[in-house]
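Student: Supplied in structure tokens, the structure appears directly below.
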Amino acid sequence: MSQINASIVLYHNNKEQLQKVIESFLNTDLHVKFPVGIKLYLIDNSATDALKELALNDERIEYIFNNANLGYGGGHNIAMRKSIENGVAYHVVLNPDIYFEKGVIEELYAYMQAHRDVGQIMPKVLYPNGDLQKLCKLLPTPLDLFARRFIPIKSFVNWINNRYELEFFSYDEIAEIPFLSGCFMFFRTDFLAQDCLFDEEFFMYLEDADLTRRIAKISKTLYYPKVSIVHEYQRGAHKSRKLLYIFIASVFTYFKKYGWFFDAERTRVNKKTLQNLGYYKR
């Protein structure tokens, strides 16, 4: 039997919100449409195990209490390693603040089964009011990350976002994208096993940019808009000074790894993506 595992990293989250994403993943008839089983890992980075009760009534859930905050990627890596070790076909990284209807996992599974060259896929992402979240991005430059946050000139920020967040793109077409959001990452585990887990140098933020970039070197990383999820986006780094510092630290980690202003791979990948999406033909 094929298998899809998923993981959610917990950190003193609201139980009601968590229940929505847990039920979204478990509410599936994959075992009816396909010979597929599922398992959900709750990886708890909280200081206490108060969230353990979320796993008590369903044998498909495994709760792991770390008794330490290992970060977003560090927490997910625990579950992703288990998927690799157990020969599981697919692993899904889920944010605690998303939810979706039955059929999303089934549709993505069927597409991945039919397209073996795809290593990662992300559905359309919506705000709770139904508006589109533009979470397909180019590989970031320092200007993309710092200008949007610290230069209060709306016209300039809009110009940056039009390119970096691919706002000129319709978001209604399947497309190969070099940076897919970490709120929902559906992976083919065979590619994760090729040294493609989260880099734990990133405590939080940009670990998704780094991992998608590495997966894209060995497979296709696709945006798939035929199904959608809802993301209750919090924009934590805009509200919390502590999270802002963590974001800035991740930016430095990212550019230390790939290069600040001279990154030939970034230039090549971004140019190819813009060409494929028709940016230069507008």
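Every number in this text was worked out from the coordinates using simple rules, so none of it is lab data. All of these numbers come straight from a predicted model, not from anything done at the bench. Note that each Cβ is placed from the backbone with ideal geometry, even for glycine, and that neighbours are counted across all protein chains shown.
Student: Rounded, prolate or oblate: pick one for the chain, where a ≥ b ≥ c are the square roots of the eigenvalues of its C-alpha gyration tensor, a/c under 1.5 means rounded, and failing that, prolate if a/b is larger than b/c, else oblate. Don't jump to the answer; show the numbers that get you there.
Tutor: Numbers: a/c = 1.61, a/b = 1.31, b/c = 1.23.
Because a/c hits 1.5 or more and a/b exceeds b/c, the chain counts as prolate.
Student: For Glu62, which sequence-distant residues (separation of 5 or more, or a different chain) have an amide H within less than 5 Å of its own amide H, given hydrogens modelled in the peptide plane?
Tutor: Distant-sequence amide H within range of Glu62: Leu40, Tyr41, Leu42.
Student: What shape does the range 155-282 have by the C-alpha gyration tensor, where a ≥ b ≥ c are the square roots of the eigenvalues, rounded means a/c under 1.5, and otherwise prolate means a/b greater than b/c and oblate the rest?
Tutor: Values: a/c = 1.27, a/b = 1.12, b/c = 1.13.
Taking the square roots of the gyration eigenvalues as a ≥ b ≥ c, the range 155-282 is rounded.
Student: Moving on. Show me 122-133, 32-43 ranked by packing, highest mean number of other Cβ atoms within 10 Å first. Please report the intermediate quantities before stating the final value.
Tutor: Working: 122-133: 15.1, 32-43: 17.9.
Going from most to least packed, we get 32-43, 122-133.
Student: Using only Cα atoms, find the angle between the long axis of helix 241-258 and the longest principal axis of the chain, and express it within 0 to 90 degrees, rounded to the nearest 10.
Tutor: 70 degrees
Student: How high is the relative contact order of the chain, in percent, counting Cα pairs under 8 Å that sit 6 or more residues apart? Provide the component values of the computation, followed by the final result.
Tutor: On the way: 486 pairs, mean separation 61.8, N = 282.
Normalised by residue count, the contact order of the chain is 22 percent.
Student: Could you state the angle between the C-alpha long axis of helix 72-85 and the longest principal axis of the C-alpha atoms of the chain, as a value from 0 to 90 degrees rounded to the nearest 10?
Tutor: Between helix and principal axis, roughly 60 degrees.
Student: Which of the three applies to the range 1-144, rounded, prolate or oblate, going by the alpha-carbon gyration tensor with a ≥ b ≥ c and a/c under 1.5 meaning rounded? Spell out each step's value before the answer.
Tutor: Numbers: a/c = 1.37, a/b = 1.08, b/c = 1.27.
Rounded.
Student: Under a point spin-label approximation (7 Å from Cα along Cα-to-Cβ), what is the Phe146-Lys257 distance to one decimal in nm?
Tutor: Placing both labels 7 Å beyond Cα along the Cβ direction yields 2.0 nm.
Student: How do 92-101, 150-159, 57-66 rank on mean C-beta neighbours within 10 Å, highest first? All intermediate terms of the calculation are to be shown ahead of the outcome.
Tutor: Working: 92-101: 20.4, 150-159: 10.3, 57-66: 14.3.
Final packing ranking: 92-101, 57-66, 150-159.
Student: Go ahead and estimate [θ] at 222 nm for the chain from helices alone: -39,500 (n - 2.57) per DSSP H run with n ≥ 4, summed, over the residue count, rounded to 500.
Tutor: Numbers: 10 runs with 106 residues, N = 282.
The per-residue figure over the chain is -11000 deg cm²/dmol.
Student: Return the percentage of antiparallel bridges among DSSP beta bridges fully within the range 2-281, rounded to the nearest 5 %.
Tutor: Here the antiparallel bridges make up roughly 35 percent for the range 2-281.
Student: Pairing the Cα long axis of helix 264-276 with the longest principal axis of the chain, what angle in degrees results, from 0 to 90 and rounded to the nearest 10?
Tutor: Compared with the principal axis, the helix lies near 90 degrees.
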